[in-house]
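Comments concern the structure below.
The values are calculated or read from the model by the stated rules, or taken from the named source; none is laboratory data. What you see is a predicted model; the values in this text were computed from it and never measured. Every residue, glycine among them, receives a Cβ derived from its backbone with ideal geometry; neighbour counts consider all protein chains shown. With ligands, DNA and RNA removed, areas are computed over all heavy atoms of the protein, side chains included. Shrake-Rupley method; radii C 1.70, N 1.55, O 1.52, S 1.80 Å.
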Amino acid sequence: MSLLIRDPFVGGTPTSIYIEDGRIAALGEERPADETIEAAGLHAFPSLKNGHTHAAMTLLRGYGDDLPLMEWLEKKIWPAEAHLTEEDVYHGTRLALLEMIRSGTTYLCDMYWHREGVCRAVEEMGVKGHVASVFIDLGDREKAREQRDRIAARLSDRDRHGPRVRMALGPHAIYTVSEESLEWIADLARKEDLLVHIHLSETRGEVEECRRRHGLSPARYLEKVGLVGPNLIAAHGVWLDAGERELLAAAGATVVTNPTSNLKLAVGGIFPYREAREAGLRVVLGTDGAGTNNNLDLIEEMKIAALVQKHRAEDPTCLPAAEALALATTEASEAFRLGPGGIEVGAAADLMLVDLSGPATTPVHDPVSNLVYAASGRDVHTTICDGEVLMRDRVVRVADEGEILAEAARAARALLARSGGAG
Ligand SMILES: [Zn+2]
């Protein structure tokens with residue numbers, strides 16, 4: 001299967017992109033292809049990668065806004081999630097992926113319940129993902145055993161949803177998973193070379209509680225249980241101190257910053273981006289779930305990340321547009337083992353074509369500036385994953401959009417009715 005994207009701007013210069021078997025095979029060269037996209041006037045960028053999300057939480061979008069994190073979790077989210085079925089998760093994840101494809105995202109690092117429902121949706125919609133079951137035992141031995149058994153049972157057929165759906169481990173956080181289970185997860189991750197996706201150092205309360213219970217800061221505690229390594233994907237990291245940043249950087253770990261979620265939940269701080277980068281720590285970008293964002297538009301997230309970091313540093317040169325784009329593309333490709341993440345020969349053909357001809361994005365002095373600061377996900381014209389065209393000219397090809405929207409809305413209403421929430 002071959003694809004020619006004729007004459008899009010790449011870095012401001014019209015450059016045809018020839019794709020064969022899912023990879024970029026030539027740049028600036030036109031070869032006959034099975035499909036040709038006339039792209040003169042459009043801007044090609046690497047597609048975006050969402051480093052931290054709970055995709056199916058689209059079902060709970062706008063349910064319980066404006067509450068403190070623990071109250072939101074305990075009174076709204078966890079009671080509703082207790083009634084989730086695999087079908088609900090499938091419908092919610094398809095809705096999330098529809099939004100992601102529409103806004104140029106072709107990868108997600110997901111952590112949620114009913115993993116099978118997530119995997120089915122990811123496989124069907126044609127994006128790539130690391131899919132983790134959320135692991136929460138709250139110190140309950142029986143709960144821990146059940147979840148460990150389920151993970152162990154899944155190891156042998158972990159690739160059954162195709163090459164784009166990969167398995168990761170998802171301990172929710174250090175305050176919801178027992179030390180024994182964290183050690184078990186660390187051990188398994190090392191043996192099987194799996195990514196471990198965890199919430200870390202999100203609120204000040206988490207840091208205080210960790211110090212009180214374990215006498216250690218959160219990252220030091222993770223080190224103690226064996227989880228600090230190149231496989232670690234730590235979401236948030238808002239309160240990481242200098243020693244913790246150095247520890248994670250030296251281990252080759254990744255921090256996912258989710259600025260909108262942090263702002264909305266008012267966690268009280270902003271991820272120390274500049275200091276993290278100075279320490280050599282890899283940073284990528286995520287939206288978190290739709291409950292705390294409330295959309296999954298990484299173009300908007302790049303802008304917010306850049307703005308909050310400039311504000312925090314009191315320096316407008318902090319996190320410039322090109323760097324914000326790198327967090328969501330090349331840095332993420334490295335963290336999530338997707339190979340080279342730019343538009344280059346040999347890289348996976350994970351691309352988006354963006355229309356910068358609208359009123360908010362004219363003139364184009366600098367396409368990256370327009371993408372990060374002026375565009376929105378709605379300006380994405382075409383989305384390609386592994387050379388497969390998931391959306392062309394704003395028409396999603398891989399699914400029936402109307403059916404996804406209707407089914408997700410129905411599943412959300414039924415879920416809240418079952419869980420005693422507002423139906
Ligand atoms: Zn999260």
Of the numbered conditions (1) open to solvent by 50 Å² or more (accessible area, probe 1.4 Å); (2) outside any helix (DSSP H, G or I); (3) modelled with pLDDT of 95 or more, LYS303 satisfies every one except a single condition; which is it?
(2)
Residues of the stretch 306-327 being in contact with a helix residue (DSSP H, G or I) (Cβ under 9 Å, 6 or more places away or on another chain) and outside any helix (DSSP H, G or I), in sequence order, are ASP315, PRO316, THR317, CYS318, LEU319, PRO320
Applying the selection to the stretch 239-260, what residues are within 12 Å of the ligand (Cβ to nearest atom) and of a type outside the set (S, T, N, Q)?
VAL256
For the condition over 17 Å from PHE336 (Cβ atoms) and part of a loop (DSSP other than H, G, I, E, B), what is the one hit in ASP88, ASP157?
ASP157
Could you identify the single residue in GLU206, GLU223 that is in contact with a helix residue (DSSP H, G or I) (Cβ under 7 Å, 6 or more places away or on another chain) and open to solvent by 60 Å² or more (accessible area, probe 1.4 Å)?
GLU223
What's the number of the only condition in (1) open to solvent by 10 Å² or more (accessible area, probe 1.4 Å); (2) out of contact with any helix residue (DSSP H, G or I) (no Cβ under 8 Å at 6 or more places or on another chain) that VAL267 fails to meet?
(2)
Give PRO363, PRO340 a once-over and let me know the one that is without any contact (Cβ under 8 Å) to a residue 12 or more places away in the chain, under 20 Å from the mean Cα position of the chain (by Cα) and either in a loop (DSSP other than H, G, I, E, B) or under 26 Å from CYS109 (Cα atoms) (or both).
PRO340
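Evaluate the following for SER376: is it of a type in the set (Ser, Thr, Tyr), open to solvent by 60 Å² or more (accessible area, probe 1.4 Å) and at pLDDT 95 or above?
No, not satisfied.
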Are there any strands (runs of 3 or more DSSP E) wholly within the stretch 6-81 with 2 or more residues that are within 16 Å of the ligand (Cβ to nearest atom), and if so which?
48-53
Of the residues in the stretch 281-294, those that are of a type outside the set (Asp, Glu) and either in contact with a helix residue (DSSP H, G or I) (Cβ under 7 Å, 6 or more places away or on another chain) or more than 16 Å from the ligand (Cβ to nearest atom) (or both) come to LEU281, ARG282, VAL283, VAL284, LEU285, THR287, GLY289, ALA290, GLY291, THR292, ASN293
The number of residues in the stretch 1-35 that are among the hydrophobic types (A, V, I, L, M, F, W, C), in contact (Cβ under 8 Å) with a residue 40 or more places away in the chain and in contact with a Lys or Arg (Cβ under 9 Å, 6 or more places away or on another chain) is 2
Does ALA348 satisfy being surrounded by 13 or more Cβ atoms within 10 Å (Cβ to Cβ), at pLDDT 95 or above and farther than 30 Å from ALA306 by Cβ?
no
Please determine whether any residue of the stretch 69-81 is in contact with a Ser or Thr (Cβ under 9 Å, 6 or more places away or on another chain) and crowded, with 21+ Cβ neighbours inside 10 Å.
yes
Mind telling me which of the residues LEU307, LEU319, LEU353 ends up being touching a residue at least 60 places away in the same chain (Cβ under 8 Å) and either of a type outside the set (Ser, Thr, Tyr) or closer than 30 Å to GLY269 by Cβ (or both)?
LEU353
Examine the stretch 387-402 for a residue that is over 24 Å from VAL122 (Cβ atoms), open to solvent by less than 70 Å² (accessible area, probe 1.4 Å) and not in a loop (DSSP other than H, G, I, E, B), and state whether such a residue exists.
no
Anything in the stretch 99-117 that is over 16 Å from PRO163 (Cβ atoms) and either among the aliphatic types (A, V, I, L, M) or part of a helix (DSSP H, G or I) (or both)? List them, or say none.
GLU99, MET100, ILE101, ARG102, MET111, ARG115, GLU116, GLY117
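Residues checked against (1) in the same structural domain as HIS130 (by TED's automatic domain parsing); (2) hydroxyl-bearing (Ser, Thr, Tyr); (3) farther than 26 Å from LEU232 by Cα:
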position	(1), (2), (3)
GLU331	yes, no, no
ASP350	no, no, no
PRO359	no, no, yes
PRO367	no, no, yes
ASN370	no, no, yes
ALA374	no, no, yes
MET391	no, no, yes
